[in-house]
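What follows is a set of notes on a single structure, which appears directly below.
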Amino acid sequence: MARRSATGRIGIADVAVKAGVSHATVSRVMNGNFTVDPDIASRVRAAAAELKYQPNPVGRSLALGKTDTIGIVVPDLANPTFQAILRGLSRAAAQDGYRVLIADSFEVSSEETILAGEARRRCDGLVLCAPRMSDAELEEIAPSLHPLVLINRTSAAANVPTLVVDYGQGVQDLAEHLVDLGHTRLAFLAGPPRSASNGMRLQGLEAFKAAHPHVDVRMLEGGSDFDTGHEAVDAVLESGATGILAFNDLVAMGLMSGLHERGMDVPGDISVTGFDDIPFARYTTPALTTAAVPITELGEQAWHQLRALIRKEENDAPGSRYQPRLQVRASSGPAKAPRSTVHG
């Protein structure tokens, strides 16, 4: 009969006695070391099965120097875009036996450094998704977080793969679409000031304005969620813009809801565009014109890059740049003709 430990739990010592081998041999077999003689390994596994031995995950992690867990820090887990990235990352990592630890900074940039450090200490690698921290903060902390993959940020730190969406080109494509519909007064509902992707959009709009000097582009304060879009209705109407470029789909949806409450017709009175093409975008009324981003693929690719770092594999493509795709739907239409003045 197997001897149980003081805690009543079957341990390596029990399996070793049952199989007639050393503790070290049992440990090597349980940790997947293929240098053990196949017959001995088979005897150890049979003894473990008979005793219903379950390896201690903490002890195993210490022995192997790994946790089979990775971390991801996101600025707002309520945002469907980050949920989709997480879904892609989790599914891809699960195929390789890894779990994902999630940390949400709630758009508080000062929390990101703390969360990133804590997550990295508990995991084998880390993904920073659209971090809001400054470039200086990112460069300072990046070496201590390795293995590290960045989504929608870049770093000068060595061996840090970056996955970046070309938001600048995407917003230009949306603006071009509105101009093609006859709109010459546009407004951009900006995102969080510390968002790098917001900065890319602003750069893209500067390039657009230089190429279209006849188009008036107003910059309005916004945010990244439904509420900020809903609260921006007054500013949008006061701007006189007939075509709106919202920071993302959530902001666009909030804006359309607020415009509807004011009796405004979209796109009859005003056209609205979003960004990201989250799953709900096609089901709004009207369906939302947006720039589609391969969000789930970002998560999947983040894992592939991180896995290569963890396994110390050669990585011929340590980063990728994604081009958004213009998705035209019913929320954008021809600019409303100015009212003519009747003289009598």
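The values are calculated or read from the model by the stated rules, or taken from the named source; none is laboratory data. Treat the numbers as computed from the prediction; the structure is a model and nothing was measured. Cβ: placed from backbone, ideal geometry, glycine included. Neighbour counts: every protein chain shown. These accessible areas exclude ligands, DNA and RNA; they are computed on the full protein's heavy atoms, side chains included. Shrake-Rupley method; radii C 1.70, N 1.55, O 1.52, S 1.80 Å.
Miscellaneous remarks
- Those residues of the stretch 193-232 which are open to solvent by less than 60 Å² (accessible area, probe 1.4 Å) and either in the same structural domain as Ser155 (by TED's automatic domain parsing) or in contact with a Lys or Arg (Cβ under 6 Å, 6 or more places away or on another chain) (or both), in sequence order: Ala196, Asp216, Val217
- Ala175 being under 19 Å from Val236 (Cα atoms) and open to solvent by less than 10 Å² (accessible area, probe 1.4 Å): yes
- Qualifying residue in the stretch 199-212 (condition: in a loop (DSSP other than H, G, I, E, B), out of contact with any strand residue (DSSP E or B) (no Cβ under 7 Å at 6 or more places or on another chain), modelled with pLDDT of 95 or more and not basic (Lys, Arg)): yes
- Of the strands (runs of 3 or more DSSP E) lying entirely inside the stretch 221-320, those containing at least 1 residues that are farther than 15 Å from Ala187 by Cα are 290-292.
- Subset of the stretch 129-179 (residues that are modelled with pLDDT under 95, among the hydroxyl-bearing types (Ser, Thr, Tyr) and assigned to a helix (DSSP H, G or I)): Ser144
- Residue among Gly258, Gly254 that alone is without any contact (Cβ under 8 Å) to a residue 40 or more places away in the chain, under 28 Å from Leu128 (Cβ atoms) and outside the structural domain of Gln95 (by TED's automatic domain parsing): Gly254
- For the criterion of being of a type in the set (D, E, K, R), touching a residue at least 60 places away in the same chain (Cβ under 8 Å) and surrounded by fewer than 24 Cβ atoms within 10 Å (Cβ to Cβ), Glu297 passes.
- For first residues located in the stretch 82-98 and in the same structural domain as Asp124 (by TED's automatic domain parsing) and closer than 22 Å to Ile278 by Cβ, partners that are open to solvent by less than 50 Å² (accessible area, probe 1.4 Å) and charged (D, E, K, R) and lie 6+ apart or on another chain with Cβ distances below 7 Å form the pairs Phe82/Asp76.
- Any hit, the stretch 138-152, residues being more than 27 Å from Arg87 (Cα to Cα), touching a residue at least 12 places away in the same chain (Cβ under 8 Å), open to solvent by 30 Å² or more (accessible area, probe 1.4 Å) and assigned by TED's automatic domain parsing to the domain that holds Ile102: yes
- Looking only at the stretch 96-111, residues that are part of a loop (DSSP other than H, G, I, E, B) and crowded, with 16+ Cβ neighbours inside 10 Å come to 3 in all.
- Comparison of Ala13, Ala48, Ala41, Ala93 shows that the only residue that is surrounded by 14 or more Cβ atoms within 10 Å (Cβ to Cβ), part of a helix (DSSP H, G or I) and modelled with pLDDT of 95 or more is Ala93.
- Note on the stretch 258-294: among residues that are touching a His at 6+ places or on another chain (Cβ under 8 Å) and more than 18 Å from Asn79 (Cα to Cα), the one that is most open to solvent (accessible area, probe 1.4 Å) is Val266.
- Some residue of the stretch 321-339 being closer than 30 Å to Thr69 by Cβ and either surrounded by fewer than 17 Cβ atoms within 10 Å (Cβ to Cβ) or not aromatic (Phe, Trp, Tyr) (or both): yes
- Test: residue in the stretch 156-163 that is open to solvent by 10 Å² or more (accessible area, probe 1.4 Å) and more than 24 Å from Asn315 (Cα to Cα): no
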